[in-house]
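Below you'll find the structure, written out as C-alpha cells, and then a few comments.
The values are calculated or read from the model by the stated rules, or taken from the named source; none is laboratory data. The structure presented is a predicted model; accordingly, all values stated were derived computationally and were not measured. Note that we place each Cβ from the backbone using ideal geometry, even for glycine, and neighbour counts take in every protein chain shown. Accessible surface is based on the protein model in full, side chains and every heavy atom, while ligands, DNA and RNA are left aside. Shrake-Rupley method; radii C 1.70, N 1.55, O 1.52, S 1.80 Å.
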Amino acid sequence: KGLLMAGAALAAILPLGSFLMAAAAIYLAGLVHPVLAFLLETLWCWQALAVKGLYTESMRVKKKLEEQDLPGARSAVARIVGRDTQNLDAAGVAKAAIETVAENFSDGVAAPLFYLVIGGAPLGLCYKAINTMDSMVGYKNDRYLYFGRAAAKLDDVANYIPARISAFLMMFAACLSGQNAKHAFQIWKRDRYNHASPNSAQTESVAAGALDILLAGDAWYFGKKHEKPTIGDAVRPVEIEDIARANKLLYAASLLGMIVFCGIRIAVWFGIKMVL
C-alpha cells in the first residue's frame, strides 16, 4: 500500500509540476518581451518531439546488423527497448527495432503534437513527463510492480486517443511511402489489441501489416520470459531493410501529423480571432 501511494504521489506531482513550471516560465518570459516567450515555447515544442532521435538510434541498429556485428546490434537496440536483448538473433534485433519505431511514433511524435495543439508547450511537457515516468518505473517486475502502477495507468490514459490517431496517420503514411496500406488496415483491425497495453499494438499492428511481417510474440524482461501474442502475418521473413522501411513510415506519418495538427491549431486560432 505504501508503494502504491508513493507511486501515485509521483504520478501526480511530476506531470503537474512540469506543466506549472513551463507555464510560469513562459509567462515570466512574456513579461520581459513577447518574442522571448514565443522563442522559449518554440524551443520546448521542438524538444517534445523525438523523430530524429528515434530514427538515429534505430538506424544505428541497422548499421550494426549490416556489419554482421550481432553483439553491437544487441547493444544498440538495448538503448531503445525495455526487453532483454542479449540472446536475440539478428531477426529478433530487427523486430525489436521495428516495434519500437512503430510504438514510439505515437509516444514520441503524435501524442506530443496532440497535447501541444491543445495546451501548448506546458501541456506537451506535462505529457512528456508522464511518458518518461512510465518508461522509467512503469514495469511489471518485482521492483516496480506497485510503485510504477499509477504511472503506467496514467500513461495508458494519456496515450489512449493519440495512439488511435497515430494508427490512422500510419495507414495514410503507408500509402505515401509505397507500403501495403490495405494489409495495414486489415492487421490493425484484427490485432490492434494483441498487447498488454491498450495502446502499443495500435501502431505496431499497422507497421506489421504495412511491411507484411510478423511482430511481437514472446519476449524476455528482467530475466523472465513473458508470453505475448503475435502481431501481423509472416507473409515474408523480417529482414534488416525493414528497419529503414519502418523509418520511412515514421517520417511520412510524422509529416502528416505535423500538417494535420498544425492545421487544427491554426484553424482554432483563426476561429477564436473571428469570434473575438
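Can you tell me how many residues within segment 122-139 are touching a residue at least 60 places away in the same chain (Cβ under 8 Å) and closer than 26 Å to R192 by Cα?
Qualifying residue count for the region: 8.
Within segment 125-155, the set of residues being within 14 Å of the chain's Cα centre (by Cα), among the charged types (D, E, K, R) and either at pLDDT below 85 or farther than 19 Å from R83 by Cα (or both) comprises K128, D134. Per the listing V81, V77, the residue uniquely open to solvent by less than 60 Å² (accessible area, probe 1.4 Å), free of Cβ contacts under 8 Å to residues at least 24 places away in the same chain and outside any helix (DSSP H, G or I) is V81.
Let's see how each residue does on (1) at pLDDT 95 or above; (2) more than 25 Å from V137 (Cβ to Cβ); (3) within 21 Å of the chain's Cα centre (by Cα):
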| position | (1), (2), (3) |
| --- | --- |
| R192 | no, yes, yes |
| A201 | no, no, yes |
| S205 | yes, yes, yes |
| G209 | yes, yes, yes |
| G217 | no, yes, yes |
| K228 | no, no, yes |
| G232 | no, yes, yes |
| I259 | no, yes, yes |
| M274 | no, yes, no |
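Filter segment 192-211 for residues that are open to solvent by 10 Å² or more (accessible area, probe 1.4 Å) and touching a strand residue (DSSP E or B) at 6+ places or on another chain (Cβ under 8 Å); which is nearest to N131 (Cα to Cα)? Within segment 192-211, the match that is nearest to N131 (Cα to Cα) is H195. Residue under question is L54, and the condition is that it be open to solvent by 40 Å² or more (accessible area, probe 1.4 Å) and of a type outside the set (D, E); does it hold? So L54 fails the test. Here L4 fits the description: open to solvent by 60 Å² or more (accessible area, probe 1.4 Å) and hydrophobic (A, V, I, L, M, F, W, C).
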